[in-house]
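Accompanying notes for the structure given below.
The values are calculated or read from the model by the stated rules, or taken from the named source; none is laboratory data. Every value quoted in this text rests on a predicted model; they were computed, and no experiment measured them. Here the Cβ positions follow ideal geometry from the backbone for every residue, glycine too, while neighbour counts run over all protein chains shown. In case anyone asks, the SASA skips ligands and DNA or RNA and just uses the protein heavy atoms, side chains included. Shrake-Rupley method; radii C 1.70, N 1.55, O 1.52, S 1.80 Å.
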Amino acid sequence: MKLRRLLVTGAAGHVGRIARARLGHLAETLRLSDIAEMSPAGAGEEVIRCDLADREATFRLLEGCDGVIHLGGQPVEAAFDDILQANLLGLYNLYEAARKAGTKRILFASSNHVIGFHERTTRLDASAPLRPDSLYGVSKCFGEAVARLYWDKFGVESALVRIGSVLDAPKDHRMLATWLSPADFARLAEAVFRAPRLGCAIVYGASANDESWWDNSAAAFLGWRPQDNSEQFRAMLDAAGPPPPPEDPYNRWQGGGFATAGHFED
Ligand code: 15L
């Protein structure tokens, strides 16, 4: 189904720019929003600057939107007060605005950091217990819980996409497992908005990498088939330096540096 108007929040960010470049065909109009400045609207685009922590502005932003790709918010660990505004208040405002506007479907950019304190030797599926590795990860757990509530109570459908690492190429050996190519991200968004029924589905956002910690069988009904594989970059990473030794805690946890970093407030 072609959407009438697809809102992309966080459109000025790294993944937002990928969505803007690759996903315009999903809707008659792409509405792009960010707290930061964006380049001017092109054909079929609307550009609206919006702080999602501003509830009234967010209500106006969602008017007329039948789908959302929600990428806006704090993208890494930060002080709690910053996370509170962007990822808790902003997330709540977005879902409440979607409910009021009658928006049917949301792709929520959750993160692998909701399960970052699982060991790399553990294979996870959609039933894995949440084990956030940071306050940022906790905020994404909140987002998943709000999305679930808005499905169960109000029928707003969501894909909870636990994104790994969206980059042109993995930057370190951990990302051989977490890498999600921009093309596979775009294919996933296409599958989310094409599916006749979505409900509230958990999807691990990784490409078809040889090294894999995540099992997406519960989301197989979407028909998403990632096509890229990080293995092509292994030699390049090996040449740049060996991975941390197995006893290094960075290598133990799926969340890598998020799990081993100190507490931000200290
Ligand atoms: C994330 O959730 C971050 O937004 C991104 O910057 C990367 O750090 C990624 O996780 C990752 O785990 O590699």
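Worth pointing out:
- For D248, the solvent-accessible surface computed with a 1.4 Å probe is close to 50 Å², ligands and nucleic acids excluded.
- Residue-by-residue Karplus 3J(HN,Hα) for the range 217-231, coefficients 6.51, -1.76, 1.60, Hz, glycine and proline x: 4, 5, 10, 4, 4, 5, x, 6, 10, x, 10, 9, 9, 5, 4
- Computed extension length for K171-D210: 12.4 nm, one decimal, from 0.36 nm per residue of separation with the Cα-Cα distance subtracted.
- The range 234-266 versus the range 3-24: alpha-carbon centroid distance in Å: 30
- Karplus (6.51, -1.76, 1.60) ³J(HN,Hα), θ = phi - 60°, over the range 251-266, in Hz, Gly and Pro reported as x: 7, 7, 9, 5, x, x, x, 5, 6, 9, 5, x, 6, 4, 6, 6
- Between R120 and D82, the contour length at 0.36 nm per residue exceeds the alpha carbon distance by 10.7 nm.
- Interchain or long-range residues, amide H under 5 Å from S165's placed H: W179, L180
- Of the beta bridges in the chain, as assigned by DSSP with both residues counted there, near 5 percent are antiparallel.
- Accessible surface, per residue, of the chain when the full set of protein chains is kept, probe 1.4 Å, Å²: 44
- Relative contact order [Cα under 8 Å, 6+ residues apart], the range 45-190, whole percent: 23
- Per-residue accessible area (protein heavy atoms, 1.4 Å probe) orders I48, I115 as I48, I115, starting from the largest.
- The slack in the chain from R99 to E56, taken as 0.36 nm per residue of separation less the alpha-carbon distance, amounts to 14.1 nm.
- Amide H contacts of C200: S158, each under 5 Å away and 5 or more positions distant or on a separate chain (H built 1.01 Å from N in the peptide plane; Pro and chain starts excluded).
- Highest mobility in the GNM of the chain, judged by mean-square fluctuation with C-alpha springs under 10 Å and restricted to V76, V146, V15, is found for V76.
- Order by protection proxy (mean Cβ within 10 Å, highest first), peptides 209-218, 155-164: 155-164, 209-218
- Distances between placed amide hydrogens fall under 5 Å for E45 paired with L30, all partners being 5 or more residues away or on another chain.
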